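Comments concern the structure below.
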4 protein chains.
Amino acid sequence: MNKRGFASDNNSGIHPEILKAIEKANSGHTTGYGGDIYTEQATEKFRDLFGNDTDVYFCFNGTGANVLSINTLARSFHSVLCPATAHINVDECGAPEKISGSKIIGIDTPDGKLTPELVKPHLHGFGFEHHSQPGILSISQATEMGTIYKPDELSALTKLAHDHNMYVHMDGARIANAAVSLNLSFREISRDVGIDALSFGGTKNGMMMGEAVVFLNKQLSVNAKYFRKQAAQLFSKMRFVSAQFLAYFENDLWKKNALHANNMAAFLAQEVEKRGIKITQKVEANGVFAILDDEIRDQLQQAYFFYPWDENNHEVRWMTSFDTREEDIVLFCKKLEELLNG
Amino acid sequence: MNKRGFASDNNSGIHPEILKAIEKANSGHTTGYGGDIYTEQATEKFRDLFGNDTDVYFCFNGTGANVLSINTLARSFHSVLCPATAHINVDECGAPEKISGSKIIGIDTPDGKLTPELVKPHLHGFGFEHHSQPGILSISQATEMGTIYKPDELSALTKLAHDHNMYVHMDGARIANAAVSLNLSFREISRDVGIDALSFGGTKNGMMMGEAVVFLNKQLSVNAKYFRKQAAQLFSKMRFVSAQFLAYFENDLWKKNALHANNMAAFLAQEVEKRGIKITQKVEANGVFAILDDEIRDQLQQAYFFYPWDENNHEVRWMTSFDTREEDIVLFCKKLEELLNG
Amino acid sequence: MNKRGFASDNNSGIHPEILKAIEKANSGHTTGYGGDIYTEQATEKFRDLFGNDTDVYFCFNGTGANVLSINTLARSFHSVLCPATAHINVDECGAPEKISGSKIIGIDTPDGKLTPELVKPHLHGFGFEHHSQPGILSISQATEMGTIYKPDELSALTKLAHDHNMYVHMDGARIANAAVSLNLSFREISRDVGIDALSFGGTKNGMMMGEAVVFLNKQLSVNAKYFRKQAAQLFSKMRFVSAQFLAYFENDLWKKNALHANNMAAFLAQEVEKRGIKITQKVEANGVFAILDDEIRDQLQQAYFFYPWDENNHEVRWMTSFDTREEDIVLFCKKLEELLNG
Amino acid sequence: MNKRGFASDNNSGIHPEILKAIEKANSGHTTGYGGDIYTEQATEKFRDLFGNDTDVYFCFNGTGANVLSINTLARSFHSVLCPATAHINVDECGAPEKISGSKIIGIDTPDGKLTPELVKPHLHGFGFEHHSQPGILSISQATEMGTIYKPDELSALTKLAHDHNMYVHMDGARIANAAVSLNLSFREISRDVGIDALSFGGTKNGMMMGEAVVFLNKQLSVNAKYFRKQAAQLFSKMRFVSAQFLAYFENDLWKKNALHANNMAAFLAQEVEKRGIKITQKVEANGVFAILDDEIRDQLQQAYFFYPWDENNHEVRWMTSFDTREEDIVLFCKKLEELLNG
């Protein structure tokens, strides 16, 4: 049995219900590349959740989904405004720039969240050919800092963007965590607040792998199928992703998983705070950011692999996931306490 | 139960042993992006098979593996010479051109196979900056036409390429079918005949999904990890591909699967020939190409989905796979016979 | 005095009237990047010549103009069908693939000219995401083989393309030579026959440098100014190209230059034929293609630099230009004769 | 006579000596694409100035030279660190990202100049495939803010970069202004302080057009000729740029021009300061940045076109050039004074 830790929600495995769905779909032959009944049903399910005017493109991973989103919404002369901490800005090795040719502009934020005030200084140069044209606003929900946009915060951003003829992309690698945190539906935090395209994540919340680009306006996605193929994101045996999505939505499995992960993060935050550890960001989803003495960190990492976040500030990141158990946190905190008591 | 047909080997499902390996790997947490024991072992296995000076990069799909190969071996000013029928030339929506910027030059062949004679007229313009520089020779083994290169044919091509400072890439989406057809090891038809990089396929031969770029010279692949990330081919829960590869090699599962598929193709070819159908290509792997009257074809497609190959010549393609059964072929031929007797 | 030869029309210099125009424009300051009166007037002149619904983007060179045309008309998932001999296919080091990401498909032709029959086999796979989508038909007028499309030949091609929702690009690096050869206006061989965008050449016909992309439908070019900037084709001191174009059109200088070059090619062809040299292509513009014994060729090249065309067939290319003089041809043929008489 | 203003040094024309050189080179035929005697001599001249281990690639414009530099030194997975104000970051419409695929990271600076302290926080993630690999440090000399790096400041930056296996690119669109300001040779502020590649500008200092990428290590530039062709920067009639460079270096014309422009900027700064205008940046080259009341600015712009720099701070930019005359400044200041006196 591999030990459970707090390095990333993608260090977790596959939820048993998801695995069962893969097994169940493993019967005989189906047409490749999405021409199968599982994909048809999963697509229908997305339309149920997000509204009829929705197009869905399943992808292998989050970088693939983000790249497809940007490539479909932007041209090479556009810029994409995003928080400096955005996955597209710092965790994709420049894939968006390479694939779409666009300029990615990271904006410093205190908490991983853009605001109209932060965005406005970048809204200039429209029509001026020397300047990359602001074309997309990209935000992460939940953010890479474990924080969450409220619906009115999202509406304010999409209004600002649309007023400038820009599209809004949401990196929803952890959209499930955001939805349960806000106790809102996917639709209420995407279509209803003006999002144009969404990278919908499944991998971090119990799927083996599977992400989807959800276009909330079919006219935006007329070329998406070609860009998906060019981005090497078109799965030949697509039924095995589609079947996962079907199970993910069945009986609100996504919700149970995300709720559990969020609760575990709250519990973890509470337990480490009890031990005098300073938490640096609001714990609104499944991430905990904390200040940890370097020496303690190094020792703790010998028992549990996890990532430093901002080494200059002695900040670390701990993530919980659908399969985190209270006992994992108890043991982790016990270890931490031992080290603190040195 | 979904019906088994002959449209493509990727219409098949997951071999039970592969699925079992996924289940078995689904335990606790492991480090993401390949920092897990399954990936370590699978990589080791590839080194056993291909020799020590081998670097392996797991990818999601064949287009991803091909694009990664080309992007790593070529610069934007290079051209890639390949048969006109190559997957990279006609089945990837221009992904190689887009991702690497290189020029793909398709060369007409009678049987999907390049020869030195076919290649030589393209070996000019070296050093002339107006001309895309011939940089890669890319061949498919088995070819998209179901044919196979013999080792000496491969050696002749790699010698020609290397004499011109070009690299040789092998698209081995069906390399298992080639190996069993020749009764040779992977190494004997790649490293030993001078191949530089190989897209090693698993998906079409019983895996859920999983391909690998195998560099047969570690110096060629120093940048490959970055290009893989940029091509959105870096799987966070990589253990679930690595575990599949482990099972794929365990007890020569790959060999049994490929041998079976090839045998089924031979059987299918024999059975349709008996009914007077003309076969257009040597049946050396798991594909059967045949001439079929358009009307018969249309009727047969109502019972069995499959692809026309060259409509002008009334040519169709049938593929067998690891899970094809004799009874499937018997039923298919029965249906065909009915229509022919129409 | 540098010797005049027959290697290329771009080995020629600047026509005195063009140089005078540069000098005249060299007065005081003007707004950069095209915000000057010369550019305004030159743009107006293009509208006079091509019709009101015309947008013009001046570029530095032919590759720049071709790349801008393709980048503006095509997306990365499109293919561009062109003759195998097209400049975009063999003389631009893969720049079109690199900049637009599109696939360039060269079609073999006997004379550098596409026909509907040659194009039709490539018009398939529409809507099929595995296949680069045929998006542009690109033809050269005059062709790289010195031949010329007649208006009805052009109409047939543009009809075919438009019927398939494709655009037609004309590489008009030598459009002046074509126009005078046909005794037709620029408009009659572009807009009137259905061309969508034209690379309009000036450099090869007496300008120092200067090409223009002429969009014959303003809706096609809404993004062209950004793509021009990204292609590094936006000239800061643009007046010095615009002024050249003004002089080029003044008193039909373009026509005199092109007519002269064409006449010189006809004279050259006649003179070498007299000496028993076989001409391989119709001499319709300013190029002469001929069969020349390798040894003679090598010796002649010591006196006059020129390019072999097809070494396997002992074919060479000679180009005339606006400044070629009869005496140059006489001397050249005298030298040739000497060599032939060995 | 077009009026001289202060909008940009590229609003100026051609220095008479440069124009004379173009005329002189306009004789007969020469081999295209750089195979001419002028290019040979100009290249030799660059080697005299920069040292023997120098390769030079002439380009049409500054964006072309910068893109060629970056494309040659970086791979798509690299990042380029530069001041936020860098031309490559804000004035090239994202051309560097598009052409090389690299990530451009703009760093905020008070004066357009990077320092080791500003750079260091970005030097992390080496070897980590999720992160664009810091590959190039790009600085402008003179900067876009009219400031200048001293040799020891350059050395400190190049040492830092080289210690991290990064290359240093200098955008020298105004390197002449920097050299004369420091009273140093080109070599002393490039090779001798560790610069790897330099975009050497001519256009802004009296040439009609012409920039050069100067590689200060021939091994870096083995692929540059292909990248230049792909970037549409290979001039067919190259002699007409090369001849300009010859004249530019002849009798230190470049020095006289730059010195004059710098002196005029100093004079302009002094004159406007006399009128109570606040200068915001050190005037070390040929640019003057100043605070101007919005209303005054609007009125002044009616008489003289120039660019606002930072509208939020009421900052404007005035540039002088080789052809600016004292009388132009006197008249300009008179107009300004009138407006200030209301």
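For residue C:184, the point set 7 Å out from Cα toward Cβ sits 5.6, 6.1, 6.1 nm from its twins in the other copies, listed from shortest up.
Taking the range B:150-179 and a reference point 7 angstrom along Cα→Cβ of residue B:115, the backbone N atoms nearer than 12 Å belong to B:153. Based on the alpha-carbon gyration tensor of the protein assembly as shown and its eigenvalue square roots a ≥ b ≥ c, which shape applies: rounded if a/c is under 1.5, prolate if not and a/b is larger than b/c, or oblate? Oblate, since a/c reaches 1.5 and b/c is not below a/b. Once the C-beta distance of residue A:183 and residue B:303 is scaled by a Förster radius of 30 Å, the resulting FRET efficiency is 0.05 to the nearest 0.05.
Hydrodynamic analysis of the range B:16-251 uses the Kirkwood radius over alpha carbon pairs. Inserted into Stokes-Einstein at 4 °C and 1.567 mPa s, it gives a translational diffusion coefficient of 73 µm²/s. So what is the relative contact order of the range C:61-199, in percent, for Cα pairs below 8 Å that sit 6 or more residues apart? Dividing the mean separation by the residue count of the range C:61-199 yields 24 percent. Would you work out if the range C:253-340 is rounded, prolate or oblate? Take a ≥ b ≥ c from the square roots of the eigenvalues of the alpha-carbon gyration tensor; rounded if a/c is under 1.5, else prolate when a/b is larger than b/c, oblate otherwise. It comes out prolate by the Cα gyration axes. Counted by Cβ distance under 14 Å from residue C:311, the other residues give a net charge of -3, where Lys and Arg count +1 and Asp and Glu count -1. If you plug the beta carbon distance of residue B:274 and residue B:312 into 1/(1 + (r/R0)^6) with R0 = 25 Å, you get a FRET efficiency near 0.40. Think of the range D:16-251 as having a plus end and a minus end, set by charges on the Cβ of Lys, Arg, Asp and Glu; of D:170, D:104, D:34, D:34 sits farthest toward the positive end of this dipole.
The range C:65-168: percent of C-alpha pairs farther apart than 24 Å? Of the Cα pairs, 15 percent sit more than 24 Å apart. Projecting the Cα positions of B:272, B:312, B:257 onto the charge dipole of the range B:253-340 (unit charges on Cβ atoms of Lys, Arg, Asp and Glu, taken about the Cα centre) puts B:257 furthest along the positive direction. Taking the axis that rotates chain C onto chain D, the chain C residue nearest to it by Cβ, with the distance rounded to whole Å, is C:60, 2. Rounded to the nearest 20 debye, the dipole size of the range D:115-214 about its Cα centre is 200 debye, using +1 on the Cβ of Lys and Arg and -1 on the Cβ of Asp and Glu. Protein-only accessible surface at a 1.4 angstrom probe places the residues B:131, C:124 in the order C:124, B:131, largest first. Per-residue ellipticity at 222 nm computed for chain D from its helices equals -12000 deg cm²/dmol, with DSSP H segments shorter than 4 residues left out and the rest contributing -39,500 (n - 2.57). Estimated at 0.36 nm per residue, the fully extended path between residue B:48 and residue B:24 surpasses their Cα-Cα distance by 6.3 nm. Exposure check, 1.4 Å probe, all protein chains in place: residue A:309 carries approximately 90 Å² of accessible surface.
Here residue A:118 yields copy-to-copy label distances, from shortest upward, of 2.2, 5.6, 5.7 nm, the label point defined as 7 Å from Cα along Cα to C-beta.
The Stokes-Einstein estimate for the range A:71-122, based on a Kirkwood radius over Cα pairs and taken at 4 °C with 1.567 mPa s viscosity, is a diffusion coefficient of 114 µm²/s.
With a threshold of 21 Å on the Cα-Cα distance, the over-threshold entries among C:20/C:204; C:237/D:204; B:20/B:255; C:3/C:335; A:24/A:225; B:24/B:237 are A:24/A:225.
Across the identical copies, the label point of residue A:330 (7 Å from Cα in the Cβ direction) is separated from its matches by 6.1, 9.1, 10.9 nm, in order from shortest. Extending 7 Å from the Cα toward the beta-carbon at both residue A:326 and residue C:124 defines two label points whose distance is 6.5 nm.
The accessible-area ordering, largest first, of the residues B:218, D:204 stands as B:218, D:204, per a 1.4 angstrom probe. Buried between C and D is an accessible area of approximately 4800 Å², summed over both sides with a 1.4 Å probe. For chain A, the relative contact order comes to 24 percent (Cα pairs under 8 Å, sequence separation of at least 6).
The values are calculated or read from the model by the stated rules, or taken from the named source; none is laboratory data. Because the structure is a prediction, the values reported are computed rather than measured. Here the Cβ is made from the backbone with ideal geometry for all residues, glycine too, and neighbour counts use every protein chain on show. Remember, those area values only see protein heavy atoms, side chains included, never the ligands or the DNA or RNA. Shrake-Rupley method; radii C 1.70, N 1.55, O 1.52, S 1.80 Å.
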